[in-house]
Amino acid sequence: MTMILPGATIGIIGGGQLGRMLAMAAARLGYRTVVLEPQPDCPAAQVANEVITAAYDNPQALDQLAELSDVITYEFENVPVDTAEQLSDSKPVFPPCEALKVSQDRVTEKRFLAKAGIKTAQWRVVETEAELEAALLAFDGKGILKTRRFGYDGKGQYKFSAAPGETAAAGFAAVGNAPSILEAMVEFTHEISIIAARDQAGNIRIYDAAENVHKDGILIRSTVPVSVSSTMAGLAADAARKLLEALNYVGVLGVEFFALANGTLLANEFAPRVHNSGHWTEAACAVSQFEQHIRAIAGLPLGDTRRHSDCVMDNLIGDEWKSVPNLLGEPGAVVHLYGKAESRPGRKMGHVTRITKRL
Ligand code: AMP
């Protein structure tokens, strides 16, 4: 068990908005932060104490990060596993490297979920066009082709709807002919997610489930509480608990699920980090997912996950951030912008959480 006290330095790999919000939560508890990120003027650089501008696998940069940090974490799941393993030789790295490794490849992720007793959609490995054709046949021509690695926000995906003219060749080309999986199309009624935390002693705290809406593969809205049954939300929380234990996890984890009309719950994927569908916790809980993560990795007691309000979180995507002056005039609206210099279509620029009811 490693406890680091306020005043110590937390290393964060990745300088996007999640890194920024982690750095802000760390600062609120009196910690210093150092961020490793190749992109200069990244969102986290504006709020961290120090920034190392270098590639995630730059050996000198990793030495420097290890030297400056008392504990190291990351804000995205595509941190090279070698980087995390190398750093963990000299400093504690949380969440554990195993969680990174499992989540980086959809095949290892699906197998790990199955082994932990968590159901997913049916899926097939696709390495060639012929394998894709066979998989499509097995799933009645419908499914989502997803690259095994490096997919996010719907990127590296292609949807087959059994429509006339659809060909395996075109779909495979659309994902760059990369090693992929074909997932059977899930006729879900709702998408929900769980944000959960585990500390170094194995204590677990779970936030209320959020109900999520995606557009073009990007999360646009999370609503709490969910409209699915409490039995369904309970199944999701149980699955998250199993996963935290199976991974011997430390930190905050996000798990996404599909809820089906017949009461079945399927896990879609998990992220070994704070998660967009947990941003609402900043406005509606005493302890946000960001502070919870910092507490877990610092060896401090986990915080209360109860919500004090119902709420709806909307991402501000592309030019939507321009509505901020109006949003600030709304009572009960909590606005957070990420300090990104340039807005582009599909780019997450910030979010707003509207408190809908105080409990
Ligand atoms: P992912 O990148 O895997 O989270 O997928 C992004 C979004 O695509 C999900 O949140 C769903 O809305 C949709 N999606 C992904 N996989 C499936 C599936 N097997 N069946 C139906 N919809 C899916």
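No value in this document is a laboratory result; all are computed from the given coordinates. Keep in mind that this is a model prediction, so the values were computed, not measured. Cβ placement follows ideal geometry from the backbone for every residue including glycine, while neighbour counts extend to all protein chains displayed.
Here each label is just a point 7 Å from Cα along the line to Cβ, and for ILE204 and SER227 those points are 2.9 nm apart.
Note on ASP82 and ASN177: their simple-model spin labels are 2.6 nm apart, each label 7 Å out from Cα toward Cβ. In a DSSP loop and with at most 15 other Cβ atoms within 10 Å, the GluC sites (Glu not before Pro) in the range 179-267 are GLU187. Spacing of the modelled spin labels on ASN49 and ARG241, each 7 Å from Cα toward Cβ, amounts to 3.8 nm. Here the Karplus curve 6.51 cos²θ - 1.76 cosθ + 1.60, taken at θ = phi - 60°, turns the phi angles of the range 210-216 into couplings of 10, 9, 10, 10, 10, 10, 6 Hz, with x standing for Gly and Pro.
Within the chain, the longest run free of exposed loop sites, counting chymotrypsin sites (Phe, Trp or Tyr not before Pro) that sit outside DSSP helix and strand states (H, G, I, E, B) and have at most 15 other Cβ atoms within 10 Å, spans 153-359.
Can you tell which of ASP208, ASP70, ASP238 shows the greatest fluctuation in a Gaussian network model of the chain with Cα springs below 10 Å? Between ASP208, ASP70, ASP238, it is ASP238 that shows the largest mean-square fluctuation.
Take the cross-link list LYS119/LYS348; LYS142/LYS215; LYS322/LYS348; LYS115/LYS142; LYS159/LYS215; LYS119/LYS146 and give me the ones stretching past 23 Å between alpha-carbons. Could the numbers behind the result be given before it?
Working: LYS119/LYS348 30 Å; LYS142/LYS215 19 Å; LYS322/LYS348 13 Å; LYS115/LYS142 26 Å; LYS159/LYS215 13 Å; LYS119/LYS146 18 Å.
Table pairs above 23 Å Cα-Cα are LYS119/LYS348; LYS115/LYS142.
For the chain, the longest principal axis of the Cα atoms and the long axis of helix 289-298 meet at an angle of about 60 degrees.
Taking every C-alpha pair closer than 8 Å and separated by at least 6 residues, the mean separation divided by the residue count of the range 119-249 gives a relative contact order of 22 percent.
Assuming 1.002 mPa s and 20 °C, estimate D for the chain with Stokes-Einstein, Rh taken as the Kirkwood radius over Cα pairs, in µm²/s. It would help to have the intermediate numbers written out before the result.
Values: Rh = 21.0 Å.
Using the Kirkwood radius from Cα pairs, D works out to 102 µm²/s.
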